[in-house]
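S.K.: Mind having a look at this structure? Questions to follow.
The values are calculated or read from the model by the stated rules, or taken from the named source; none is laboratory data. Everything quoted here is computed from the prediction, not taken from an experiment. Backbone-built Cβ (ideal geometry, glycine too); neighbour counts: all protein chains shown.
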Amino acid sequence: MGNVVRLAEVLGALSRALDLTEGQPPGHCVRCCWIGVNIGRAMGLSEQQLGDLYYSLLLKDLGCSSNAARICDLYLADDLSFKNDFKLLDGSLPQVLRFVLSHTGVNTHLAQRFRSIIAILQNGGQIARELVETRCHRGAEIARQMHFSAAVALAIEDLDEHWDGGGKPVGKAGEDISLFARIALLAQVVDVFHAASGRHAALREVGNRSGSWFDPVAVAAFQAVAEEDRFWDMLSRSDIEETVLDMEPGQKAALADDDYLDDIAQAFARVIDAKSPFTSGHSERVAVFTDLIAEEMSFDFSRRRWLKRAALLHDIGKLGVSNCVLDKAGKLDDGEWAAMRRHAELSQAILSRITSFADLSKVAGAHHERLDGKGYPNGLSGEEIDLETRIVSTADVFDALTADRPYRGAMPVSQALAILWEGAGTSHDPACIRALERALRKSELAAA
Ligand SMILES: [Fe+2]
Ligand SMILES: [Fe+2]
């Protein structure tokens, strides 16, 4: 069963997940792509360059999940709104102070909040540099794993460098900075300011930072593009994603075959798992346990391959859940639980944007349903939960039990299996548990 999908369609959907992690309104990366490619055209870039620019813009936030936990920890803040507002900051002291006061420790005591503010003022530069560094390196590494060119990886690596050398993490200046990174930085500021305060605010901001943050040549190209109403109208349209997918540069749209889709799913699983220290490696392990069960149940090759992708991506919606909830050591309150449970629906919403992932998105959306109807989000029961979903959900819980969690250490395999058996028929399908147990026994893991 050959499966060929447009690369831009897959990346467009996955960029939605990245928007969630960055706390941006949905469509941020897609809108940046529109803005940046228009600037690139006005600068007279070649088709080949426009191709690299296009993917750089869609994937610019690939490394962003890797610093979410740290932001939450350091600033005692909600990483999602923190990141959004951080993009609006220009670095002046009153603005920084206002920002810090409004974002640190909304849920903590005043003294603790005060200490975290002092820590930020003392170490802010260093901490911010490290955060950006992690994000850039991780992002570039994942882009390479997804087979993108060295130019795309470099664009992600240089995304936070500024024209005058005042950026992060290296402090590169002028034309030493990747051209695509210079355009992407400009595009993201245009989108953030346009979304928050309109086109004049965006134009003003770009003008103010020309020569400091931004390459003046790119600024001039943007100002020329900004003369056209059509450019701005598109930014407010709900169908902008279709237009952006259609403008994928090159002779014909790039297609992703099955091997490539596997690599993209695997790379994205790493983005998901990087979000929280407690989910490190989770998606990849769930994929392994899922495949062990599917093999035991004699699924054919193409079905196993399909299901493995579903397992790799089942928690993609977690990118939209704050680390203050994901990493919380204590009990979650009602609001936090609701935020946590939303991840299943978000997974489905993100994956269903890819036409050929429609079936796969159902598995991701239902991986927390239970046979007795007491699961979420829809309280499905019995036959309403298909076999593929039951397999992923069994693999998911098995990994959750055998991995370290915020509230307890890892559990031996035998004990995890015993817990699964306690929920056999109510929570999980006994056939899936049996298959998992058999597969583990074959690999001599069951006794561990
Ligand atoms: Fe989950
Ligand atoms: Fe999971």
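S.K.: Give the residue that is nearest to ligand 2 (Cβ to nearest atom), with candidates limited to residues of the range 360-376 that are assigned to a helix (DSSP H, G or I) and in contact (Cβ under 8 Å) with a residue 24 or more places away in the chain.
M.R.: Here the answer is Ala364.
S.K.: Something else about it: If only one of Gly379, Gly330 is among the small types (Gly, Ala, Ser) and at pLDDT 95 or above, which one is it?
M.R.: Gly379
S.K.: Restricting to the range 220-231, name every residue that is out of contact with any helix residue (DSSP H, G or I) (no Cβ under 6 Å at 6 or more places or on another chain) and part of a helix (DSSP H, G or I).
M.R.: Hits for the range 220-231 are Ala220, Gln223, Asp229, Arg230.
S.K.: Okay, next question. Only one of Ile293, Ile264 is among the β-branched types (Val, Ile, Thr), more than 27 Å from Leu58 (Cβ to Cβ) and out of contact with any Asp or Glu (no Cβ under 9 Å at 6 or more places or on another chain); which?
M.R.: Ile293
S.K.: Count, please, the residues in the range 279-307 that happen to be crowded, with 24+ Cβ neighbours inside 10 Å and closer than 16 Å to Asp263 by Cβ.
M.R.: Summing the residues that are crowded, with 24+ Cβ neighbours inside 10 Å and closer than 16 Å to Asp263 by Cβ in the range 279-307 gives 2.
S.K.: Looking only at the range 156-187, count how many residues are of a type in the set (Val, Ile, Thr) and at pLDDT below 95.
M.R.: 2
S.K.: Right, next: I need a count of the residues in the range 172-211 that are surrounded by 15 or more Cβ atoms within 10 Å (Cβ to Cβ) and either aromatic (Phe, Trp, Tyr) or in a loop (DSSP other than H, G, I, E, B) (or both).
M.R.: Adding up the residues that qualify gives 6.
S.K.: How many residues are modelled with pLDDT of 85 or more and not in a helix (DSSP H, G or I) if we restrict to the range 8-46?
M.R.: Residues in the range 8-46 being modelled with pLDDT of 85 or more and not in a helix (DSSP H, G or I): 4 in total.
S.K.: Output the number of residues of the range 248-270 satisfying the condition of being more than 14 Å from Val5 (Cα to Cα) and modelled with pLDDT under 85.
M.R.: Number satisfying all stated conditions: 3.
S.K.: Yes or no: the range 412-427 includes at least one residue that is within 14 Å of ligand 2 (Cβ to nearest atom) and either out of contact with any Lys or Arg (no Cβ under 6 Å at 6 or more places or on another chain) or closer than 22 Å to Trp306 by Cβ (or both).
M.R.: Scanning the range 412-427, I find no residue that is within 14 Å of ligand 2 (Cβ to nearest atom) and either out of contact with any Lys or Arg (no Cβ under 6 Å at 6 or more places or on another chain) or closer than 22 Å to Trp306 by Cβ (or both), so the answer is no.
S.K.: With the structure loaded, tell me whether Ala403 is free of Cβ contacts under 8 Å to residues at least 24 places away in the same chain, assigned by TED's automatic domain parsing to the domain that holds Ser298 and among the hydrophobic types (A, V, I, L, M, F, W, C) or whether it fails that test.
M.R.: Against the criterion (free of Cβ contacts under 8 Å to residues at least 24 places away in the same chain, assigned by TED's automatic domain parsing to the domain that holds Ser298 and among the hydrophobic types (A, V, I, L, M, F, W, C)), Ala403 does not qualify.
S.K.: Based on what the data block shows, is Ser393 in a helix (DSSP H, G or I) and within 14 Å of ligand 2 (Cβ to nearest atom)?
M.R.: The answer is yes for Ser393.
S.K.: Provide a single number: the residues in the range 354-372 that are closer than 18 Å to Ile264 by Cβ and surrounded by fewer than 18 Cβ atoms within 10 Å (Cβ to Cβ).
M.R.: 4
S.K.: Shifting gears a bit: Please go through the range 308-344 and pick out each residue that is of a type in the set (Gly, Ala, Ser), surrounded by 24 or more Cβ atoms within 10 Å (Cβ to Cβ) and away from ligand 2 (no atom under 11 Å from the Cβ).
M.R.: Ala310
S.K.: Looking only at helices (runs of 4 or more DSSP H) that fall completely inside the range 266-351, which ones have 1 or more residues that are over 26 Å from Lys374 (Cβ atoms), more than 15 Å from ligand 1 (Cβ to nearest atom) and of a type in the set (Asp, Glu)?
M.R.: 282-296
S.K.: OK, next. I want to confirm something. Restricting to the range 288-307 and keeping residues that are at pLDDT 95 or above and of a type in the set (Gly, Ala, Ser), which single residue is nearest to ligand 2 (Cβ to nearest atom)?
M.R.: If we take residues in the range 288-307 being at pLDDT 95 or above and of a type in the set (Gly, Ala, Ser), then Ala294 is nearest to ligand 2 (Cβ to nearest atom).
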